[in-house]
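First the structure, in the form of structure tokens, and then the observations on it.
The values are calculated or read from the model by the stated rules, or taken from the named source; none is laboratory data. Computed from a predicted model, the values in this text were never measured in an experiment. For neighbour counting, all protein chains shown are included, and Cβ atoms are generated from backbone atoms with ideal geometry for every residue, glycine included. Calculation scope for accessible area: heavy atoms of the full protein, side chains included, ligands and nucleic acids excluded. Shrake-Rupley method; radii C 1.70, N 1.55, O 1.52, S 1.80 Å.
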Amino acid sequence: MTTAGHGTSAEWAFGSGDRPDANGRVVPGELLRKARMHLISERNKQFGPVARSMAIACIIALTGSLSPVVPAIAQEAAEAPVTCEQTDSHVVYSGAWITYASAFYSGGSHAFTEGPGAAVTIAFIGTRLDLISTVGPKFGIASVSVDGGAATDVDTYGPDTLFAQTVYTTGDLAAGLHVVRVTCTGRKNGSASGAFVSFDAAAITGTVVPVPTDQTDTRLVKRGSWVSYSAPGLLGGSHMFTNVAGNEVAIAFTGTRLDLVSMVGPKYGIASVSVDGGTATSVDMYSADSAWQQVVYSTGDLAYGAHVILVTCSGGKNAAASDTFIGMDAVLVEGVVTQAVMRYEEFYPLLGWNGQFSKAYAPWYSGGRHIWSGPSWGAMAASCVGARIEWVGMVGPQYGIASVSVDGGAPQDVDLYSPYEQAQRVVFSTGDIAYGSHTIVVSWTGRKNPASSGTYISYDAFNFGGDPQQAPTPVAPPVPVGGSFNYPWARYLVVDKSDLRIYLVENGAVTVSYPCAVGKPSTPTPSATWRIGAKYYTDPAGIYGPRKMRLFRQSGSSFVYTAYNIHGTNVDSSVGTYASHGCIRLHNYDVLVLFDMVPLGTMVVTRN
């Protein structure tokens, strides 16, 4: 749930109308409401002034607004404890436990273990927990801790076997979120014949909730600099906080609900929380007094499925707050926490680049831009300390086959062909891998699906399931130039009519290669040496496409004007065939790139 600024009209984390008592403890608003309703109800009239006086005393005890009164009145108004059976889905077991059924046990069964270190954890929002177990001659010593504090030994030995016994109580705790952990020590009383520990049930004054997932869990992914602070009263012994606007943390889970637990206080500001990319909700973490383990936000009940919660530092604050910090201590998840990821755009400085790239801008690209390599080599590398990396790119009819390697392993082919263009696709994922330092390298191969019209590779963004780190610069593979390409110029184009491709050679290396169309048998493209003598911007919908470069043919020591050109086309399917009247046709998206790469005066060779 969302909390408002705390003050005389505070709405506290545990429910609308919750109030702090005289000692600063939160009193459930529903309990206060019931007492007030009792005072004003018509039925109350029949009980006379004595009953009304008792109700007034109850309200005073709950709110602390007058001098302290007899605590027993407040206790009479308190809700009865609820029983959390050992089979409750919120109870978390670790180690080997055995379940044994019998009518003697609470709920008809109990769980027991003799494995040192085996533990059971119960979380609740309330004020008290009583541990119910079996005691007997075979039972040993359990260790019980509350909220990560010092453990207490609980000896469950007894000369006779007794069922459903209260063997430990937390006593009265401050109202709030609490976590109780019961651990088998493997030790026993000298009289005991075994070291078994039993968990039958827990009597809880409050509400059972999921065991918290701590902010240190690596499945939660943060962006920006967060500061960690340690103290015994915090869940897991620490929490993290930031006051840098835009810093955020992502939590992914499959289930139905998430509650956010944080510290609140006079220095805390406003967080922005979104669910599944929806409209963000402002969550004010300000409180006049510092308080730990506060449930500051809840998604409420969601449809069962995969959900992502994004908590962002807004940089804003309540007027009474002295700073804009937001905190993260833990989350309570009805479901299973999964690996979250955080997106970083393709221009993020910690990514590694090498080779030839082009870029395009449009609102449907992640971050408004994507880049691509092809038809010459280009590659990008992405690294993180985490447990997952995802590559986000375009797919479409002009995209080819990429090579992807993970941590230097064998390369895998990833085909980006699709009959229709689709943006922001996760085209490759490592899946969940062991937490650690990982790198993926994505490279252009020059290969394609037979149905594809090109070999382009798109790089739009990377999703990291962890903290990004500096990626290495990909190493370009050697690109040999055969003797037949050994022309005497520093930069030149070769149109090879036998394989229907045009090559740009610079300083002895092929840097660009595109499919092309050349003249049909009745109007062949001549084999000759040429020079680009003019460049034109043309109608993109016309027969030349968006660009045209005029070819001047060598005649002795001079170059003469001709009708031949290198240009785009309005018949895209003709590229890769013998279809023209002698000109060299390229895909429009290719000619746009080549046009900018070759200056006037560039030499051209057409040959078989």
note = Heavy-atom accessible area of the chain with neighbours in place, 1.4 angstrom probe: carbon+sulfur share in percent works out to 56
message = Going by amide H atoms built from the backbone, whose H comes under 5 Å of the H on GLY316, apart from near neighbours?
response = ILE270
inquiry  = Given 37 °C and 0.692 mPa s, compute D for the stretch 198-247 with the Stokes-Einstein relation, Rh being the Kirkwood radius over Cα pairs; round to the nearest whole µm²/s.
reply    = 238
key: Karplus (6.51, -1.76, 1.60) ³J(HN,Hα), θ = phi - 60°, over the stretch 373-384, in Hz, Gly and Pro reported as x   = 10, x, x, 10, 5, x, 8, 10, 10, 9, 10, 7
ask   = Please report, for the Cα atoms of the stretch 379-485, the Rg to one decimal and the Dmax as a whole number; what are they, in angstrom?
value = 14.9, 50
inquiry  = Compute the distance from the alpha-carbon center of the stretch 404-423 to that of the stretch 262-325, in whole Å.
reply    = 38
request  = Whole number in Å², please: accessible area per residue of the stretch 402-461, 1.4 Å probe, ligands, DNA and RNA not counted.
outcome  = 47
query = Suppose every K and R has +1 on its Cβ and every D and E has -1 on its Cβ; what is the size of the dipole of the chain about the Cα centre, in Debye to the nearest 20?
reply = 2460
Per residue value of the accessible surface for the stretch 160-278 (all protein chains in place, 1.4 Å probe), Å² = 37
Extension gain, THR279 back to ARG187 (0.36 nm per residue minus Cα-Cα distance, nm) = 27.7 nm
message = Helix-only mean residue ellipticity at 222 nm, the chain, DSSP H runs n ≥ 4 weighted -39,500 (n - 2.57), per residue, nearest 500. What is it?
response = -2500 deg cm²/dmol
Rg followed by Dmax, in Å, when the stretch 488-571 is reduced to its Cα trace = 13.4, 37
request  = Over 25 Å, how big is the tail of the calculated P(r) for the stretch 468-608, in percent of all Cα pairs?
outcome  = 26
query = Between the stretch 168-241 and the stretch 93-165, how many Å separate their Cα centres?
reply = 14
query = By per-residue mean of other Cβ atoms within 10 Å, what is the highest-first order of 414-420, 499-505, 394-400?
reply = 394-400, 499-505, 414-420
query = Between SER102 and GLN424, what is the FRET efficiency for a Förster distance of 56 Å, r being their Cβ-Cβ separation, to the nearest 0.05?
reply = 0.50
task = Provide the FRET efficiency to the nearest 0.05 for the ARG447-SER94 pair, computing r from the beta carbons and using R0 = 60 Å.
result = 0.75
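Kindly report the accessible area of the stretch 285-327 per residue (heavy atoms of protein chains, probe 1.4 Å, no ligands, DNA or RNA), in Å².
Counting only protein heavy atoms, the per-residue value for the stretch 285-327 is 42 Å².
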inquiry  = Which of rounded, prolate or oblate describes the stretch 315-399 when judged by the alpha-carbon gyration tensor and an a/c cut-off of 1.5?
reply    = prolate
note = Dividing the surface of the Cα convex hull of the stretch 158-265 by four yields a projected area in nm² of 10.6
ask   = Got the relative contact order for the chain handy, in percent, Cα pairs under 8 Å and 6 or more residues apart?
value = 9
q = 0.15, 0.22 Å⁻¹: log10 I(q)/I(0) that the Debye formula gives for the stretch 231-354, counting C-alpha atoms only = -0.72, -1.26
Reported label for calculated P(r) over Cα pairs in 20 Å bins from 0, in percent given [x] 19, 47, 28, 6, 0; [y] 14, 27, 24, 20, 11, 4, 0, 0; [z] 16, 33, 25, 16, 9, 1, 0 = [z]
task = Using packing as a proxy for protection, rank 231-239, 521-529, 581-589 so that the peptide with the highest average count of other Cβ atoms within 10 Å comes first.
result = 581-589, 231-239, 521-529
